[in-house]
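I have placed the structure first, in the form of structure tokens, so that the comments after it can refer back to it.
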Amino acid sequence: MQADVRSALEQRKREYWRRNQRMIAVLMVVGFVVTFGVAYLARDLSFKFFGWPFSFWMAAQGALLVYVALVWFYARFMNRLDREYGFEEISERSEGAQSSR
Amino acid sequence: MNETQSAFTARLKRVYAWYTVGVVGFVLLLGWLEQVGLTRNWIGYLFLLATVVLYAAIGVMSRTTNAAEYYVAGRRVPAIFNGMATGADWMSAASFIGLAGTLYLQGYTGLAFIMGWTGGYVLVALFLAPYLRKFGQYTIPDFLGARYGGHAARSVGVVVAIMCSFVYLVAQIYGVGLITSKLTGLSFGEGVFVGLAGILVCSFLGGMRAVTWTQVAQYIILILAYMIPVIWLSAKHTGNPLPQVAYGAVLDKVSAREEALLNDPKEIEVRKIFADRADTAERMLAGFPRSFEEGKAQAQRALDQAKGRRAPPEQIAAAQKAVDTYPKDANAAKLAWSKDLALRSRTAPPQRHAEAFPAEGDAAKSASRRNFLALVFCLMMGTAALPHILTRYYTTPSVKEARESVVWSIFFITLLYITAPALAVLVKFDIYSMLVGSEFSKLPAWVNSWARVDPTLLSITDVNRDGIVQLAEILIGSDIVVLATPEIAGLPYVISGLVAAGGLAAALSTADGLLLTIANALSHDVYYKILKPDASTIMRLSVSKALLLFVAMLAAYVAARKSADILFLVSAAFSLAAAGFFPALVLGIFWKRATSIAAIAGMFSGVAITFYYMATTYPWLRGLFGITDSVASYTWWDMSPISAGVFGVPLGFAVIVVVSLFTRPPTAEAQALVDFVRYPRLPASPGDPGPNTK
């Protein structure tokens, strides 16, 4: 019985971590494409985009907006994942309890 | 602290809202005083005095003797405020003053800094911040020490942390001296001293706690100071007060102007004059010192001949002038020719601002692209590995807030970085269309005043004597773009004062964070964790404060020597931090199998190869190590030395992986630590299903 519960927890942990890793991989691919992909092809991607050459706009603004979106999305995703798997912190605890390791 | 976290957050919001109102009120007050006749110097003094007193006051109010307060601000900094503090911590004098200028000079190429210095936060968010917060200790070497066991990994971490933080600190103190002396007319040395006082009062009394609340205050000043002039300039040139939206059309006009200037005969004439002077200088220097005597004799002969054949008076006058202006002695000649030789850099036609990887020929273009990509890579990895930034995420109340705080950090940082390219284009438009083509007798006031203050920032000479300003006749230093924007936009001097105060805030806030990182690495990691584990809290904090003073003095001493290679050192810090920390930290969290020996070997080899590449390819370091073989024989794939991390990071990862597989798996304790940091909260007993099922 005790062993079952333990392995259930282990299962939950593994699944949580796998989903985290998968999300990281997806977001990294997006980040890589808007940064290095666009920059690599910068000379060919100089068509007009709202008045800017596209590759210039991407490096000066587009990529930055994507970064903010990625970080925001990941924070939201992980905070939800914590709750879904029951790993979220008990909020508003007093100082010291969390850093007691 | 009996106050709940939400009441605390609400109080902070009130305090900083009133503070912002106060800053705006102060600027308006000074603006009014300027109208009734307050002099520029006094405006400068008042700004300097008010801001330094403000930061010191926050330091005094936040004084503390509690270790958690001193090292990590009591871990109750709400996400949004930690975001602002990180923004100020992150944006240095180089970001505030230099970045827009770099973009002005380099166009698309400079955007590597924009992407690198923001994109790094994606790595912080995905790979580091939440896990370091869960770990919940005080420093980055702390994590290395706990994860990889023993003092070895911790010590390597301390060395890398100090190495990259110290050069960065020197650059900030240098910036403080520069801005203070510009703002008030104090000398550079006095400026360094005043700035140092501001940094020390704050961090000395209250450690991280004082630094945090000061950094929030500094962020508010620096973002206001950056935005106001750009918005004004944008409204002036485009009628739209949102520069980030409006400058696309301006960029179009700048590009059209560039095409015209590229083929303008007058521009070509000026560049040709520079090329001729550089050629002559090169010839003379090659034949030195014989060429000096020959040249002198030749000039005299030309004069005699002209007189002898009764040439027209203007020819005689020209020949006479050539004799009169000929260098007096060999040393003066060498100096003058070396200067002329440097004109070679001004013979190139202007770069197209929006063109990616401008270069002659396909090979050079692809080398330029490789360097651009590598620089972005190094800056991103370096951002995610600089200890003074990572420690900021120890200060939030929870893992959840650490994640949210990265969102706020990148948001507040992006505000400035998305504006800098707009500023660069707007200033370029102003210079290309208003200044170029104007008459020398009618230069705008800001040009005259800046050219007088510092010719390295701006100098204009009528090289071809046609009375009209050509683009090639303007020499512009990168720092002027931000510093002169208020005047270019036609704003009162008080805004120039605000901009300088913003630059000062940027430099001081970064210096505070760095100083604390270095002092804590020494006091906490070396003194407390390695040398004297039984030291009392009072003793630890005393040691930390003594070190703080010592490190600050040392950095000020180095900064006062005004080494010209500071900018390189700062960029080098990113590559070194990236190669030293990033692989070991990330694998420490994401791969349980990473072993202690492997991590040490990985950190060491990453830093070693990065440093080796810099030492063999960067002129100043080559001189230091007495390397005389050609640079080309040490260069790999045309990579420039500041991107050396592009070799260090992959090597670091590879070494850790390979060595780990050949060494015994980490202890159960180390593996348990990995589990501990991966999950924000693990159920206390295996049977606890977690609170969501309640």
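The values are calculated or read from the model by the stated rules, or taken from the named source; none is laboratory data. Nothing here was measured: the structure is a model prediction, and the numbers come from that model. Cβ atoms come from the backbone with ideal geometry, glycine included; neighbour counts cover every protein chain shown.
Laid out as a table, the results:
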read-out: In region B:513-539, the residues that are touching a residue at least 24 places away in the same chain (Cβ under 8 Å) and among the basic types (Lys, Arg); value: B:529
read-out: Qualifying positions in region B:1-26 - within 14 Å of chain A (Cβ to nearest Cβ) and of a type outside the set (S, T, N, Q); value: B:1, B:3, B:7, B:8, B:10
read-out: Residues of region A:15-31 satisfying the condition of being more than 10 Å from chain B (Cβ to nearest Cβ) and out of contact with any helix residue (DSSP H, G or I) (no Cβ under 9 Å at 6 or more places or on another chain); value: A:18, A:22, A:26, A:29
read-out: Among the candidates B:615, B:601, B:573, B:546, residue that is of a type outside the set (Asp, Glu), in the same structural domain as residue B:652 (by TED's automatic domain parsing) and closer than 25 Å to residue B:203 by Cβ; value: B:573
read-out: Qualifying position, being within 7 Å of another protein chain (Cβ to nearest Cβ), at pLDDT below 90, under 20 Å from residue B:418 (Cβ atoms) and part of a helix (DSSP H, G or I), among A:63, A:39; value: A:39
read-out: Per-region count, region A:28-37, residues surrounded by 20 or more Cβ atoms within 10 Å (Cβ to Cβ) and among the hydrophobic types (A, V, I, L, M, F, W, C); value: 1
read-out: Subset of region A:66-88 (residues that are at the interface with another protein chain (Cβ under 7 Å from one of its Cβ atoms), within 21 Å of residue B:384 (Cα to Cα) and of a type in the set (Gly, Ala, Ser)); value: A:75
read-out: Residue B:38, sole failed condition from (1) within 27 Å of residue B:399 (Cα to Cα); (2) outside any helix (DSSP H, G or I); value: (1)
read-out: Any hit, region B:287-298, residues being among the hydroxyl-bearing types (Ser, Thr, Tyr), in the same structural domain as residue B:337 (by TED's automatic domain parsing) and in a helix (DSSP H, G or I); value: yes
read-out: Among the residues listed as B:170, B:156, B:194, the single one being surrounded by fewer than 22 Cβ atoms within 10 Å (Cβ to Cβ), among the aliphatic types (A, V, I, L, M) and out of contact with any Gly (no Cβ under 7 Å at 6 or more places or on another chain); value: B:194
read-out: Verdict on residue B:643 being under 25 Å from the mean Cα position of the chain (by Cα), surrounded by 18 or more Cβ atoms within 10 Å (Cβ to Cβ) and not acidic (Asp, Glu); value: yes
read-out: Looking only at region B:83-113, and only at residues there that are within 15 Å of residue B:371 (Cα to Cα) and aliphatic (A, V, I, L, M), the one that is farthest from the other protein chains (Cβ to nearest Cβ); value: B:112
read-out: Residue B:333 being part of a helix (DSSP H, G or I) and either at pLDDT 80 or above or among the β-branched types (Val, Ile, Thr) (or both); value: no
read-out: Hits in region B:385-431 (condition: more than 8 Å from chain A (Cβ to nearest Cβ) and out of contact with any helix residue (DSSP H, G or I) (no Cβ under 7 Å at 6 or more places or on another chain)); value: B:431
read-out: Residues of region B:373-384 satisfying the condition of being more than 9 Å from chain A (Cβ to nearest Cβ), assigned to a helix (DSSP H, G or I) and of a type in the set (A, V, I, L, M); value: B:374, B:375, B:379, B:381
read-out: Residues (within 29 Å of the chain's Cα centre (by Cα) and among the hydroxyl-bearing types (Ser, Thr, Tyr)) located in region B:1-33; value: B:16, B:19, B:20
read-out: Flag if residue B:555 is outside the structural domain of residue B:666 (by TED's automatic domain parsing), touching a helix residue (DSSP H, G or I) at 6+ places or on another chain (Cβ under 7 Å), over 16 Å from residue B:141 (Cβ atoms) and not basic (Lys, Arg); value: yes
read-out: Some residue of region B:33-40 being among the β-branched types (Val, Ile, Thr) and within 14 Å of another protein chain (Cβ to nearest Cβ); value: no
read-out: Test: residue in region B:512-530 that is under 30 Å from residue B:35 (Cβ atoms) and either under 20 Å from the mean Cα position of the chain (by Cα) or buried (at least 24 other Cβ atoms within 10 Å of the Cβ) (or both); value: no
read-out: Within region B:121-148, considering residues that are facing chain A (nearest Cβ under 9 Å) and within 15 Å of residue B:408 (Cα to Cα), the one nearest to the chain's Cα centre (by Cα); value: B:121
read-out: Meets criteria (among the aliphatic types (A, V, I, L, M) and either within 22 Å of residue B:232 (Cα to Cα) or in a helix (DSSP H, G or I) (or both)) for residue B:475; value: no
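The rows are residues; the columns are (1) at pLDDT 85 or above; (2) surrounded by 22 or more Cβ atoms within 10 Å (Cβ to Cβ); (3) hydrophobic (A, V, I, L, M, F, W, C).
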residue: B:188; (1), (2), (3): no, no, yes
residue: B:198; (1), (2), (3): no, yes, no
residue: B:231; (1), (2), (3): yes, no, yes
residue: B:248; (1), (2), (3): no, no, no
residue: B:251; (1), (2), (3): yes, yes, yes
residue: B:261; (1), (2), (3): no, no, yes
residue: B:278; (1), (2), (3): no, no, yes
residue: B:285; (1), (2), (3): no, no, yes
